1. Mean Kyte-Doolittle of at least -1.0 and a Cα length of 30 Å or more along the axis: which whole DSSP H helices of the chain meet both?
2. Quickly estimate the mean residue ellipticity at 222 nm for the chain, helices only: each DSSP H run with n ≥ 4 gives -39500 (n - 2.57), and the total goes over all residues, rounded to 500.
3. So if I average 1/r over every pair of distinct C-alpha atoms in the chain and take the inverse, what Kirkwood radius in Å does that give?
4. Which is farthest toward the positive dipole end of segment 1-113 among Ala67, Phe111, Gly41, measuring Cα position about the Cα centre, with Cβ charges +1 (Lys, Arg) and -1 (Asp, Glu)?
5. Anyone know which of Ala94, Ala227, Ala18 comes out most mobile in the 10 Å Cα GNM of the chain?
6. Averaged per residue, what accessible surface does segment 16-85 expose to a 1.4 Å probe, in Å²?
7. Specify the residue with the greatest mean-square fluctuation among Phe288, Phe183, Phe250, computed from a Gaussian network of the chain linking alpha-carbon atoms under 10 Å apart.
8. Kindly work out what percent of the DSSP beta bridges joining two residues of segment 45-178 are antiparallel, to the nearest 5.
Amino acid sequence: MERSRIAVAGASGLIGGALARSLTADGHEVRRLVRGTPGAGEIRWDPEGGRVDAAGLAGCHAVVNLAGAGVGDRRWSDAYKRRIRDSRVNGTAALAAAVAALDAKDRPRVFVNGSAIGYYGETGERAVDESAPAGVGFLPELCVEWEGAAAPAQEAGVRTVFTRTGLVVSRAGGAWGRLFPLFRAGVGGRMGDGRQYWSFIALHDEVAAIRHLIETDGLSGPFNITAPNPVTNREVTAAMGRVLHRPTLFPVPAAVLRTVLGEMAGDVLGSARVLPTRLLESGFRFAFPEIEGAIRAAL
């Protein structure tokens, strides 16, 4: 892709920050969306309030929306669930409306909107890809509404992509950002019975996949951003122990997780065996398709 201007919402987060650094390193101009007073190369917005400075998006090749309150940052009270929902749905709606309102010559060619494999809910041992319907529960319902909020951009003719991301393997944040210190201390272990599938993605491959979706004309709709070989929590636990050379003797009982995490425990103990069918069909190749390689890449 020729050097381009790309707007990124959520550039202070784990994925957005890594994406912005990758794009900048290759000579692209990254415009970050910020809540405060914007500086040079920044665009002001208020995702919960549904407002964005549309003029700042004019002339961008792509708009990438990865913003949203952390799903795993705290227990899911009713108030925090509203914050999770509003930060995603309202922010997406504001960006999509701003993109649609631009003159056709100024509109971005592609709108990449973050989503999650939470769309599918509990899948057990059944493998699912992008053709599967939405599941039932808070996260599936959120993902459906979240993706639906991008309709104005789609209706304006902007190529729109939904990145349904799995568990990102990184020391810098997300679920694995909490796992690494525990396993390094020798107190890591399986969660519940450990039979639940975790669909993971190395941070390197996450960024590469988003860039592939930006750069490849004709790709639109949902794409699962997960490695092609999902593994059980037991397998994750064993791989962490091998890579870090630590024992994994301390399982966390399901009852304890439910006490500590509340409603969110259902998603930690739930199984999501998700396959990146459309991403593979588009020609994307993973650098770290296996869990052990993804863990080593994060060290």
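The values are calculated or read from the model by the stated rules, or taken from the named source; none is laboratory data. None of the values given here were measured: they were computed from a predicted structure. Note: ideal-geometry Cβ built from the backbone for every residue, glycine included; neighbour counts use all protein chains shown. Ligands, DNA and RNA are excluded from the accessible area calculation, which covers all protein heavy atoms including side chains. Shrake-Rupley method; radii C 1.70, N 1.55, O 1.52, S 1.80 Å.
1. Details: long enough: 78-101 (33 Å, -0.19).
Qualifying helices: 78-101.
2. Values: 11 runs with 114 residues, N = 299.
Calculated from helices alone, the mean residue ellipticity at 222 nm is -11500 deg cm²/dmol.
3. Result for the chain, one decimal place: 19.6 Å.
4. Ala67
5. Ala18
6. Ligands and nucleic acids excluded, the figure is 48 Å² per residue.
7. It is Phe250.
8. That works out to approximately 15 percent antiparallel.
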